[in-house]
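A quick write-up on the structure given underneath.
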Amino acid sequence: MLSLKHVSKSYQNGSEVTHALNDVSFDIESNQVTVILGPSGSGKSTTLNILGGMDRPTSGTVTYNNNFINTESDKQLTDYRKEIVGFVFQFYNLISNLTVFENVAISAQLENKKYRNITEKYLQKVGLLKRKNNFPDQLSGGEMQRVSIARALAKSPKVLLCDEPTGALDTETSKRVFEILKKSKSKDTAVVIVTHNPLVAPIADRVIHIKDGRVDKIIDNPSPLEVEEVDWG
Ligand SMILES: Nc1ncnc2c1ncn2[C@@H]1O[C@H](COP(=O)(O)OP(=O)(O)O)[C@@H](O)[C@H]1O
Ligand SMILES: [Mg+2]
């Protein structure tokens, strides 16, 4: 459904050019969890930002259901980000002066009369309905991340992109987050998780190994493990 073909990305800072991605090609499928795995600086966030329409490749193409994302106008790219993509960040990016409920509700489209039900449904799903009137700084890191996942899911995204979603969390809390992300894949929704932690790989349907801005290998896993079955060390 979502394809990168021969994508390269360079950043120019003054006279210095950084080649963040070199000729990267792979496909993301719905009903799958795809893990993008690689060390720090290998180009994972750059890849995710291009998949999410937050950045454009220097060369190569990005297609979503055979529509070119990389050549679209800013307006089309905005619509793609708004309607197709949900994003989960390492440091949650919640709005600190809005309650848990309000943080999720703003993404559940206030023009939608059902926004209250939608918001509560996803807060229930991540186990935080009871905390709906709390503010973010009254929650633990893991709880804030679960709110941010509820916020992303409240848009019913076709592509859920997660950049190091457990990068700031301990192992037990990370397991809960991975369980929720794994449950979020559906016939309409692809889940993409960026991480530097190789222990995450066995839960994925597909693992894309990135090294020095290139695809090192792509491994399809016909029988991914449950989060509980993984030895987290
Ligand atoms: N806006 C930018 N300007 C210059 N260099 C950048 C920019 N964003 C990323 N880079 C560089 O591109 C490379 C890949 O970065 P990134 O995609 O963030 O890697 P990762 O997420 O795997 O740690 C790094 O060398 C990084 O310094
Ligand atoms: Mg990164």
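The values are calculated or read from the model by the stated rules, or taken from the named source; none is laboratory data. Treat the numbers as computed from the prediction; the structure is a model and nothing was measured. As a convention, Cβ positions derive from the backbone with ideal geometry for all residues, glycine included, and neighbour counts pool all protein chains shown. Side chains are part of the model used for accessible areas, which takes the heavy atoms of the whole protein and leaves out ligands, DNA and RNA. Shrake-Rupley method; radii C 1.70, N 1.55, O 1.52, S 1.80 Å.
What the pair-distance distribution of region 1-120 shows, using all Cα-Cα distances binned every 10 Å from zero, is 11, 35, 33, 17, 4, 0 percent.
Selection among N67, I28, S223 by position relative to the dipole of the chain gives N67 as farthest towards the positive end (Cβ unit charges, Cα centre). Computed extension length for N65-I95: 7.6 nm, one decimal, from 0.36 nm per residue of separation with the Cα-Cα distance subtracted.
Placing +1 on the Cβ of every Lys and Arg and -1 on the Cβ of every Asp and Glu, with no other charges, gives the chain a dipole of roughly 780 debye about its Cα centre.
What's log10 of I(q)/I(0) for region 154-233 at q = 0.27 Å⁻¹, Debye sum over Cα points only, no solvent? Summing over Cα pairs of region 154-233 leads to -1.55. In plain terms, the bigger the Kirkwood radius, the slower the diffusion; for region 145-191, with that radius from Cα pairs, at 4 °C and 1.567 mPa s, Stokes-Einstein puts D at 118 µm²/s. DSSP finds beta bridges in the chain, and of those with both partners inside it, around 55 percent are antiparallel. Report, in whole Å, the centroid distance computed from the Cα atoms of region 93-129 and region 139-211. Taking the Cα centre of each part, region 93-129 and region 139-211 sit 18 Å apart. Applying 0.36 nm per residue to the separation of R81 and V17 and subtracting their alpha-carbon distance, the gain on full extension is 20.3 nm.
By the rule of a C-alpha distance below 24 Å, with chain neighbours fewer than 8 residues away ignored, the lysines paired with K130 are K113, K114, K121, K155, K175, K182, K183. Placing unit charges on the Cβ atoms of the charged side chains and taking the dipole of the chain about its Cα centre, the candidate lying farthest along the positive direction among I95, T46, C162 is I95.
Extension gain, D27 to K5: 0.36 nm times the residue separation minus the Cα-Cα distance gives 7.1 nm.
Just the protein heavy atoms count here, and of the accessible area of region 23-106 at 1.4 Å, carbon and sulfur take up 48 percent. Normalised by the number of residues in region 95-155, the mean separation of alpha-carbon contacts (under 8 Å, six or more apart) gives a relative contact order of 50 percent. In this label model, K183 and K113 are separated by 3.0 nm, measuring between points 7 Å along each Cα→Cβ vector.
A 1.4 Å probe run over region 16-79, with the rest of the protein chains in place, finds 45 Å² accessible per residue.
Geometric descriptor of region 95-155, per residue, is 65 Å³ (volume of the convex hull of the Cα atoms).
For the chain, pairs of C-alpha atoms spaced more than 32 angstrom apart make up 19 percent of the total. Here the dipole of region 95-155 is about 300 debye; that uses its Cα centre as origin and unit charges on the Cβ of Lys and Arg (positive) and Asp and Glu (negative).
Along the positive direction of the dipole of the chain (beta-carbon charges: Lys, Arg +1; Asp, Glu -1; about the Cα centre), which of Q12, I203, V104 reaches farthest? After comparing all options, I get V104.
With no solvent and one equal point scatterer per Cα, compute the Debye intensity ratio I(q)/I(0) for region 53-98 at 0.23, 0.27 Å⁻¹ and report its log10, rounded to two decimals. Ignoring solvent entirely, the Cα scatterers give -0.87, -1.03. Is the C-alpha gyration tensor of region 81-193 telling us rounded, prolate or oblate? Criteria: a/c under 1.5 is rounded; beyond that, a/b larger than b/c is prolate, otherwise oblate. Oblate is the answer for region 81-193, as a/c is 1.5 or above yet b/c matches or exceeds a/b.
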